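All remarks here apply to the structure that follows.
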Amino acid sequence: MKSVSRTSRQLSVFILAICFVTATLTSSFAQDAAAPTKVGNKATPIDRITVAKGFQVELLYSVPSQEQGSWVNLCTDNKGRILVSDQYGELYRLTPPPLGKPFDPTKIEKVPAEIRAINGMLWAFGALYVGVNDYEKKIPSGLYRVSDSNGDDQLDKVELLREIEASGDHGVHAVMLTPDGKDLYLVTGNNARHPKLADSSPVRQVWGEDHLLPSMPDGRGHNRGVLAPGGIIYRVSPDGESFEAYASGFRNVFDAAVNRDGELFTYDADMEYDFNTPWYRPTRICHVTSGAEFGWRNGAGKRMPFYADNLPGSLDIGPGSPTGMTFGYGAKFPAKYQNALFALDWSWGKLYAVHLKPNGSTYTATKEEFVTGAPLPITDAIIHPEDGAMYFTIGGRRVQSGLYRVTYIGDESTARVQPKIENNEARNIRHRLEAFHGRQDPQAIHVAWPYLADEDRFIRFAARTAIEHQPTEAWSDKALTEKDPAKQVELLLALARVTGVCPQHRSEQTPPVDTEMRDKLLAAVTAIDTEIIELPQQLTLVRTTQVILNRFGRPDDMLVQELRKSFDPLFPADSVELNWLLCETLAWLQSPTVAAKAIALIESAPTQEEQMQYARSIRMLKAGWTTELHTAYFEWFLKAANYKGGASFEKFIQFIRDDAVASLTDSEKASLAELLEKKAVKKSALENLGEMFAGRAETKWTLDELSSATQTGLLERDFANGRKMFAATGCYACHRFGSQGGMTGPDLTSAGRRYSPHDFLDQIINPSKVINDQFSAITVLTEDGKIHTGVVVNLNGDSMMLNTDLTDPGKQVKIDRKKIEELMVSKTSPMPVGLLNRMTKEEILDLVAYVVSAGNPKHEFFKK
């Protein structure tokens with residue numbers, strides 16, 4: 001399974017897991033764990049599954065793997081029967097039992113149609129549409145239609161509507177109806193090659209890699225050579241003849257869902273090998289709009305959420321492997337859950353309820369854990385149209401499969417929620433603009449132009465995309481002479497995209513580089529006063545410059561000087577995101593000032609991600625160096641050797657260093673020879689913890705003492721020092737905060753909405769008081785009497801991999817699931833106690849203020 005195989009495979013290779021002191025073997029098995037579960041050749045029992053208050057879960061059926069495989073997809077047919085597919089095998093049909101009644105497995109029917117490896121299903125237009133992703137290549141992957149040829153109520157006719165070449169994971173997946181009910185959406189990952197696309201595609205085929213500095217491929221070779229556009233969601237006619245690329249830039253999308261507003265959502269994940277690198281983006285819910293680009297590129301080439309040629313996700317979820325999605329419409333659930341978007345995570349065993357809230361033309365979102373289990377490799381979920389229950393499956397990658405049902409038994413009303421018809425003007429504007437995507441219209445430029453400077457990012461993106469689809473000669477001169485810089489930065493990006501071709505996508509048929517257009521574009525860039533435009537426009541302008549330079553090549557020295565003059569005064573900026581783009585751009589321009597500025601940022605940046613990004617940006621810089629600056633740079637690599645991340649992390653650090661060494665002159669290499677030969681002194685995670693506190697005496701702070709201090713002591717705190725404390729205590733190693741940090745602990749970005757200062761301190765001082773299920777270790781007793789404690793990082797058939805020491809991703813043990821005697825969740829938090837004991841009270845208050853305010857001193861909390 002696409003989503004399953006990659007993300008689950010390396011969740012062990014997480015990060016500098018400082019907060020995980022150990023998940024070591026323990027002799028106090030019974031004392032340190034929850035009630036044990038006997039494990040046999042059955043699906044996860046319901047006593048190992050937690051569900052939201054008022055709900056119950058039933059295990060209807062444990063799938064006999066030898067006969068019926070491992071189930072990954074569900075849908076209902078026109079008679080309310082459930083169709084279910086084996087990831088590598090056949091298709092089955094069953095009727096769910098009445099609520100409260102047992103399931104009769106003898107009623108499972110094998111569908112006679114000669115079809116296999118179904119990874120997505122939809123009953124529509126009187127037939128079953130399926131996405132086939134056949135790993136074993138026994139039949140072509142692609143979009144199929146399966147129907148009843150003679151009216152005997154048996155699906156027996158198979159038609160291949162469109163073959164899509166796919167290899168292994170991240171291939172052809174879900175199928176769903178478009179909002180108008182006329183066409184289909186087809187979801188595919190980045191290992192599916194796009195077929196011939198219709199000219200009416202909202203995604204115009206001007207995609208590129210657009211890396212100003214050479215991108216680094218994955219250190220372990222994953223997807224090397226796989227270029228844009230990445231995964232695509234298509235809009236397809238029911239006969240398969242018309243294939244439009246609706247949105248692109250995905251990695252391992254497996255499913256998607258459409259809400260009552262007619263808006264499409266999906267759940268995507270970046271490469272887990274990239275954990276704790278600056279370019280890693282957590283798994284996220286994406287609002288998929290017409291022509292959208294979500295920025296997957298191989299290796300270190302991901303487009304970050306702040307890139308203007310990319311759209312951000314709506315909600316970061318955290319580590320995981322995205323699988324099924326569905327809205328709760330039709331469920332006999334309380335209103336909150338009828339309106340929820342349910343998103344499934346295979347590797348962490350989570351079924352999230354995502355609550356969307358309109359925000360301009362898009363949405364904001366929050367999440368809650370609706371169903372969780374250990375292990376619970378959950379693959380798909382549906383709401384049954386007749387009984388209003390949720391049905392979900394576990395399985396995939398030949399692990400033990402099961403069919404479950406979720407019903408509500410609480411006291412709240414489950415009356416059907418009536419859709420509210422609300423006029424959202426921002427959404428209406430975006431839709432009007434999207435109507436010009438994929439077609440030329442004389443009105444498009446006039447209609448779209450005013451919205452290029454709209455405050456709503458999704459509207460700006462839709463306006464720019466509408467203009468990109470119009471004849472270039474109709475708007476290029478106007479773009480180059482536009483007086484409003486907020487509009488012009490978007491127009492220059494559009495013009496660079498449609499008139500330039502990135503080097504990796506050039507062919508013999510590609511026209512020569514249009515140097516005249518390059519010089520016009522860069523002249524327009526340098527004419528904009530960079531110091532008076534707002535941060536969003538600064539980000540767009542610098543990113544646009546990167547696209548121009550990548551697609552058109554280096555200009556003459558005079559234009560290079562003008563570009564340096566425009567951007568040098570901005571660097572460094574208060575914005576980490578702007579510094580990212582400026583450092584790369586100025587390094588490419590060989591600015592003589594950037595080395596000193598970048599080294600200063602490396603030395604002051606509190607997170608390894610930020611340090612690593614600046615180090616990466618200057619690795620090919622040859623101007624402006626001194627021996628002192630080079631010494632500081634290469635000493636940083638000795639420090640970085642102790643940073644931890646995903647499976648490719650060390651390789652990426654090595655790639656950066658190799659390029660840096662290659663950029664030295666012979667004389668520079670000679671003067672730095674001793675340092676270049678020096679080997680890093682490896683330290684354990686705990687030895688690296690809190691270096692700035694070395695030599696301090698410990699103070700055993702009490703909760704009452706610190707909580708009392710927060711009552712009056714949180715106003716006018718030092719937020720910069722709070723961020724520094726967050727790093728110094730190792731919090732970034734395990735916890736994400738904003739766009740940086742680890743993934744082995746809960747994301748603390750929204751901690752201010754979840755915790756009061758008292759509760760936040762309680763979590764730190766008493767870490768085992770309440771343990772988030774998602775981050776609990778499990779303890780396993782095998783039949784031979786061995787005890788293992790750790791985190792499940794991979795499932796494959798009957799094998800389960802435990803990482804027994806998250807400070808060392810290589811410490812794993814392989815357990816035969818059939819030989820597990822007992823399995824339980826540890827009651828002891830892997831987060832160490834005493835993290836605050838070497839901090840002063842003032843430092844602790846700075847830390848608390850920083851976290852509960854989400855790093856914003858103007859946060860609502862401080863207005864009380």
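The values are calculated or read from the model by the stated rules, or taken from the named source; none is laboratory data. From a predicted model like this one, the values you see are computed outputs, not experimental measurements. When we count neighbours, we look across all protein chains shown, and the Cβ atoms used for this are built from the backbone with ideal geometry, even at glycine. For the accessible areas, the whole protein counts, side chains as well, though only heavy atoms, and no ligand, DNA or RNA atoms are used. Shrake-Rupley method; radii C 1.70, N 1.55, O 1.52, S 1.80 Å.
How big is the Cα convex hull of segment 209-257 in projection, averaged over all directions, in nm²?
5.1 nm²
Hey, what did segment 555-605 get for relative contact order, percent, Cα under 8 Å, at least 6 apart?
Value for segment 555-605: 31 percent.
If you average the alpha carbon positions of segment 158-179 and of segment 80-120, how far apart do those two centres end up, in angstrom?
20 Å
Using a 1.4 Å probe on the protein heavy atoms, what percent of the accessible area of the chain belongs to carbon and sulfur?
Using a 1.4 Å probe with all protein chains present, the chain comes out at 49 percent carbon and sulfur.
Past 24 Å, Cα to Cα: identify those pairs from LYS42/LYS101; LYS42/LYS367; LYS597/LYS669; LYS138/LYS814, in the order given.
Among LYS42/LYS101; LYS42/LYS367; LYS597/LYS669; LYS138/LYS814, the Cα-Cα distance tops 24 Å for LYS42/LYS367; LYS138/LYS814.
At 0.36 nm per residue, minus the direct Cα-Cα distance, what do LEU99 and ASP666 gain on full extension? Give it in nm, one decimal, please. Don't jump to the answer; show the numbers that get you there.
Working: separation 567, 0.36 × 567 = 204.12 nm, distance 7.77 nm.
Result for the pair: 196.4 nm of gain on full extension.
Rg to Rh for segment 74-211: what is it, with Cα atoms only and Rh by Kirkwood?
Working: Rg = 16.8 Å, Rh = 16.4 Å.
A ratio of 1.03.
Binning at 10 Å from 0, report for the chain what percent of all alpha-carbon pair distances ends up in each bin.
Taking every Cα pair in the chain, the percentages come to 2, 12, 21, 25, 21, 13, 5, 1, 0.
Per residue, what volume in Å³ does the convex hull of the Cα atoms of segment 267-338 enclose?
Dividing the Cα hull volume of segment 267-338 by its residues yields 119 Å³.
Keeping all protein chains in position, work out how much accessible area ARG235 exposes to a 1.4 Å probe, and write it in Å² to the nearest 10.
Result for ARG235: roughly 50 Å² accessible.
With all pairs of different alpha carbon atoms counted, what Kirkwood hydrodynamic radius in Å does segment 235-301 show?
About 13.4 Å for segment 235-301.
Looking at the chain, send over the antiparallel percent of its DSSP beta bridges, to the nearest 5.
100 percent
Explain nothing, just the number: dipole magnitude of the chain about its Cα centre with +1 on each Lys and Arg Cβ and -1 on each Asp and Glu Cβ, in debye rounded to the nearest 20.
Roughly 1020 debye, rounded to the nearest 20.
Tell me, what is the Rg over Rh of segment 52-104, with Rh the Kirkwood radius over Cα pairs?
Radius of gyration relative to Kirkwood radius: 1.00.
Report the paramagnetic label zone for ARG506: residues of segment 550-564 whose backbone N is under 12 Å from a point 7 Å from Cα along the Cα-to-Cβ axis.
550-554
Report the extension gain between ASP148 and ASP180 in nm, rounded to one decimal, defined as 0.36 nm multiplied by the number of residues separating them, less their alpha carbon distance.
Working: separation 32, 0.36 × 32 = 11.52 nm, distance 2.53 nm.
Gain on stretching ASP148 to ASP180: 9.0 nm.
Give me the mean projected area, in nm² to one decimal, of the convex hull enclosing the Cα positions of segment 382-435.
So the Cα hull casts an average projection of 7.9 nm².
Among the trypsin sites (Lys or Arg not before Pro) within segment 569-624, which fall in a DSSP loop and have no more than 16 other Cβ atoms within 10 Å of their own Cβ?
Details: sites: LYS597, ARG616, ARG619, LYS622; in loops: ARG619, LYS622.
When the trypsin sites (Lys or Arg not before Pro) of segment 569-624 are filtered for loop state and at most 16 Cβ neighbours within 10 Å, LYS622 remain.
Hey, what's the chain come to in accessible area per residue, 1.4 Å probe, Å²?
38 Å²
Between LYS827 and ARG457, what is the label-point separation in nm under the 7 Å Cα-to-beta-carbon projection?
4.5 nm
Taking 0.36 nm per residue of sequence separation and subtracting the Cα-Cα distance, how much length would be gained by fully extending the chain between ASN428 and GLU473, in nm to one decimal?
13.4 nm
Probe 1.4 Å, all protein chains in place: accessible area of GLU534 in Å², nearest 10?
Estimated to the nearest 10 Å², GLU534 gives 120 Å².
Below 8 Å between Cα atoms, with a sequence gap of 6+, how large is the relative contact order for the chain in percent?
Over the chain, the number comes to 16 percent.
Per q in 0.08, 0.09, 0.12, 0.18 1/Å, what log10 I(q)/I(0) does a Debye calculation on the alpha-carbon atoms of segment 147-302 return?
-0.25, -0.32, -0.54, -1.09
Applying 1/(1 + (r/R0)^6) with R0 = 22 Å to the Cβ-Cβ distance of SER604 and LYS639, what FRET efficiency is obtained, to the nearest 0.05? List each step's numbers first, then the result.
Values: r = 14 Å, r/R0 = 0.62.
In this case the efficiency is close to 0.95.
222 nm [θ] for the chain, helices only, -39500 (n - 2.57) per DSSP H run of 4+, per residue, to 500? If you can, show how the numbers build up before the last one.
Numbers: 25 runs with 233 residues, N = 864.
Per the formula, -7500 deg cm²/dmol.
Evaluate the charge dipole of segment 155-291 about its Cα centre and quote only its size in Debye, nearest 20, assuming +1 on the Cβ of each Lys and Arg and -1 on the Cβ of each Asp and Glu.
200 debye
Counting only the heavy atoms of the protein chains, how much of SER290 is accessible to a 1.4 Å probe, in Å² to the nearest 10?
Approximately 10 Å² for this residue.
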